[in-house]
1. Order by neighbour count: 221, 65, fewest other Cβ atoms within 10 Å first, most last.
2. Rank-order 222-228, 239-245 by packing density, defined as the average count of other C-beta atoms within 10 Å over each peptide's residues, highest first.
3. I need 108, 32 ordered by Cβ neighbour count within 10 Å, fewest first.
4. Going down the list 10/229; 10/225; 10/102, which pairs span over 23 Å between their C-alpha atoms?
5. To the nearest 0.05, how large is the calculated FRET efficiency for residue 319 and residue 11 if R₀ is 35 Å and r is the Cβ-Cβ distance?
6. What does the convex hull of the alpha-carbon atoms of region 50-195 project to on average, in nm²?
7. Apply the Karplus curve 6.51 cos²θ - 1.76 cosθ + 1.60, θ = phi - 60°, to the phi angles in region 86-96 and return the couplings in whole Hz, x for Gly and Pro.
8. Which whole-number percent gives the relative contact order of region 123-216, counting Cα pairs below 8 Å spaced six or more residues apart?
Amino acid sequence: MKKSPTFTTKDLTEWRDLGFIDQTQVQAILSHLSTNSSNSEQTEARFGFNIISIAYYFGGFMILFAYTVFMGITWEDTNAIGQVVISIITLVLLGGIGGFLKSRHYQHAGGILIFAAVGIVPLLVYSIQNAIGVNLPHDYAGFYRQISDSWVPMELISITVAILVVVFVRYPLVTLHIAFWTWFVSMDIVDYVSGDVLGTGYEAAQIVSVFFGFGMLGVGFLLQKLLEKDYAFWFYLFGHICIICALSALTIEQSGILGLVYLAVYVTFVVASIWLQRKVFLVFGALGIYGYLCYLAFDVFDGALGFTFGLATIGLLIVLLTVAYQQYLQPWLTKRLQPQAIA
């Protein structure tokens, strides 16, 4: 079920200025919302770029790193049964506290802890495999460093659990696990099918990452079109990270057509940011174009002073033209395109 649209006091002010509602109605709406808020158990601060959100993310990812990356360093010193017990207790504890906080209307605090709990699922699966005697060629720390088809069952189980959590808990951040582990699956499966090609070089891995990244962007696009809640963001972000890392290594230092392909991809991302209304496309598009221009400045033109001044001048003109557009052209277009009032 899609979430109902929300609005802010800024929206009310805008509607009043446009004549949709008057000041009396604005005050009545604000009074009604204030009364409902005081009678509600909702006490969590609005989620956004603020100290509350930063603290949530910092704490949640600290737990995740502790039980994934850092736990793997010393995990083999614990006996197999102990590994399973510790994993289960931690997962249940985090999930239980997260569920309790969500029930008390701390949606994001609870969601972050559930996100951290889901991140421990691979550790639990590995520990169970280890306890029942499954022969794994690497220790748990190798999960994040070694490409191997032996990880595929663990990854598929973890992805399935994450999907179920997204369906029942409906917290978008959990989709980051899905994207991350699906990337691992793609690398491990291609390694198995290609006969360990990825174990001898990184070019095949980079090609896989590029295609995977575009696949993640496709998933994000579908989710953006089909769902009102923003489940697309983390697929967009992870897809862009995969593409910019792998495509840079494959093309940006290549002469000729490949370098132009790289530039064309990131110019397309900038254009797509307007069509999709997603800042993440604009940010990574700008990073890609900036990276290509830096390559031209330092490698192709060997730091030529004229190129540097020319590039700086173009950047300055872009900024000034944008200001001029907002100051002069945009009001003119708005005035011409706005429907005329009927007398």
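1. So the residues, fewest neighbours to most, are 65, 221.
2. In decreasing order of mean packing, 222-228, 239-245 become 239-245, 222-228.
3. 32, 108
4. Flagged as over cut-off: 10/225; 10/102.
5. 0.70
6. Taking a quarter of the hull surface, the average projection is 9.0 nm².
7. So the Karplus estimates, Gly and Pro as x, are 4, 4, 5, 4, 5, 5, 5, 5, 5, x, x Hz.
8. After rounding, I find 26 percent.
Here, each number is a calculation from the coordinates, and none is a lab measurement. Given the structure is predicted, the values throughout are model-derived calculations rather than measurements. So basically every Cβ, Gly included, is an ideal-geometry build from the backbone, and we count neighbours across all protein chains shown.
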